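Worksheet: the structure to be examined is printed underneath.
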Amino acid sequence: MSTQPGPATPALTTHFEPYVSVEKAAEYLDIAPKTLLEKARKGEIPAYPWGDGMRKIWRFKISQIDEWMKRKLHSNRRPPLSERKGFQ
């Protein structure tokens with residue numbers, strides 16, 4: 001039996017998730033890239049602007065978009081027009 005310490009093993013394994021382009025994120029959501037950019041600029045979806053000028057490059061993390069979408073799916077929805085009071 002050895003008294004030498006064994007190799008150090010990290011307590012946490014870090015998982016690297018790359019940022020993706022607006023095209024890849026839009027493809028994941030099956031929406032137009034222009035629509036995704038509008039939502040990013042308004043702060044409606046998790047996004048990361050790169051650049052200091054007026055024109056920014058936007059990047060996204062798929063896991064955060066997935067969580068955002070799950071929250072949207074499980075939130076209180078607005079009823080369709082046919083179910084609203086006063087709709088004829």
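The values are calculated or read from the model by the stated rules, or taken from the named source; none is laboratory data. Since the structure is predicted, the reported quantities are computational estimates derived from the model, not experimental observations. Because the Cβ atoms are built from the backbone with ideal geometry, glycine has one as well, and the counts that use them run over all protein chains shown.
Would you mind finding the one in ARG41, ARG59 that is part of a helix (DSSP H, G or I) and modelled with pLDDT of 85 or more?
ARG41
Results for (1) loosely packed, with under 10 Cβ neighbours inside 10 Å; (2) part of a loop (DSSP other than H, G, I, E, B); (3) at pLDDT below 95, shown as yes or no for each residue.
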{"position": "PRO7", "(1), (2), (3)": "yes, yes, yes"}
{"position": "LEU12", "(1), (2), (3)": "yes, yes, yes"}
{"position": "THR35", "(1), (2), (3)": "no, no, no"}
{"position": "GLY53", "(1), (2), (3)": "yes, yes, yes"}
{"position": "TRP68", "(1), (2), (3)": "no, no, yes"}
{"position": "SER75", "(1), (2), (3)": "yes, yes, yes"}
